[in-house]
Each structure stands twice: as structure tokens, then as C-alpha cells.
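Heads up: the structure comes next, in C-alpha cells.
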């Protein structure tokens, strides 16, 4: 069967998760991430001026990009499930960047929003996201807290809080309660959008259910 370039790339990613060098998580955190970032900060002279809240230094922006690219190329990604380091070549990273979409449409009807690729100096409207971003909240407070965000016209879409329980039961990691909590969160989110009259408003994600069981 002939496969297209994107499908082939997906297979190569799965291969990396199975064939990369074996590493312990602590080794990854301290010797690959922590140490490498410190080295790159010195190498690219990355610094922050506490008196400048929004820097406009183009050369600093270029150095940050180059440092980030080197970090991605030299360190890669750690697969927790297989305990392997996944690395990409520069050509692979360039390919990933080349496939990034220029724009995406989220939501439906009058509430849909188009997220566009913007350049740093571009004078065009930005897409505004708001919400509790995974903050743990009791079930009875989920809807009123989310309503307080969703009703704001300035927000184009919202990101959810996290339920600390579901139907009065604690949500246990790796258990079926994660899936139940995810469904409840989704149902409550749709209730929120209906209450504020923005049924088609995009929702960032269901913050509960990080385990495979819930997918």
C-alpha cells in the first residue's frame, strides 16, 4: 500500500518512541533538560530585563528561536511510556514547521473563530483565549466559574477548569472515574455555553482524563 508523506512521518514518530535510546526520567530531567537549557542560555546570551515587561528586541527574539531550535534538535522529546529519547534531525524539524497550517477555524455558527498565523510586528486582531486553565474546582462551582469567562465578549474561546470529583466521587488517576469525569466536564461545558448564548464557542479541551483509558 502506498502511503503519503504525512502518514510516513507519523510512522517514523512511532518508531522513535520504540527505538530511541533508553533513559531514566530523572536523568532526562537533570542531564538533558536542565543542563542543556543552562548551557543554551549562556551560549545565546538569553537574559530578561525586569524593567521591560514586553521586550521588542528583534535580535533577542532571533537568539531565542535559535536556542529553542537547538534544544529541540539536540535533546528531542522523552517518551514516558517506553522510557526512550525521541530525536529529530534539522531536516525533520524544518518539515514539521513547513506543515504548520496558516489558519484554523474553530467553533461553529456565529461563534466560530479563525486563528491565523501572525508575525510579531503585524497589526491585526489576535485570538483571545481565557478560562481557569485546569484549576481544580468543586463540581458545584464549575458552571458558575466557567460562565464568568464564557460571557465575556472579548474571549474568542475558553479553556476549562478541572473537576476534583465526579458525581460526588473522587477522580482517581488511571481508573474509569477519569473517563466519567471527562464526560461530566464536557457536559457541563456545553451547559455553560448554552447559558451564555454561545453554543458554538470553541472549548480548549477536557482538562480531566490524562490517561489513555479516557480516550
Relative to the first principal axis of the alpha-carbon coordinates of the chain, what is the inclination of helix 176-195, with its axis defined by its Cα atoms, in degrees from 0 to 90 and to the nearest 10?
-> 60 degrees
What percentage of all Cα-Cα pairs in the stretch 5-98 are separated by more than 17 Å?
-> 59 percent
Cα-based equivalent ellipsoid, the stretch 1-60: semi-axes from gyration tensor eigenvalues, Å | 36, 21, 9
How many nm is it between the label spots at residue 108 and residue 12, if each spot is 7 Å from the Cα in line with the beta carbon?
-> 3.7 nm
Quick one: 145, 154, fewest Cβ neighbours within 10 Å first, how do they rank?
-> 154, 145
Exposure proxy order (Cβ contacts within 10 Å, fewest to most) of 36, 59 = 59, 36
Can you give the translational diffusion coefficient of the stretch 62-105 in µm²/s, computed by Stokes-Einstein from the Kirkwood radius over Cα pairs at 10 °C and 1.306 mPa s?
-> 133 µm²/s
Percent of alpha carbon pairs in the chain separated by more than 31 Å?
-> 44 percent
To the nearest 10 degrees, how steep is helix 139-150 against the longest Cα principal axis of the chain, on a 0 to 90 scale?
-> 70 degrees
Return the inverse of the average 1/r over all pairs of distinct C-alpha atoms in the stretch 129-214, which is the Kirkwood hydrodynamic radius, in Å to one decimal.
-> 12.8 Å
Let me know the Rg and Dmax you get for the stretch 118-171 when you use only its Cα atoms, in Å.
-> 15.0, 49
Arrange 10, 86, 53 by Cβ neighbour counts within 10 Å, fewest through most, would you?
-> 53, 10, 86
Against the longest principal axis of the chain, how steep is helix 5-19, in degrees 0 to 90 to the nearest 10, with axes from Cα atoms?
-> 80 degrees
Using R₀ = 35 Å, calculate the FRET efficiency as 1/(1 + (r/R₀)^6) where r is the Cβ-Cβ separation of residue 36 and residue 183; round to 0.05.
-> 0.30
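Since every read-out is calculated from the coordinates, none of them should be taken as a lab result. Bear in mind the structure is a predicted one, so any value in this text is a computation, not a measurement. All Cβ positions, even for glycine, are placed from backbone atoms using ideal geometry, and neighbour counts span all protein chains on display.
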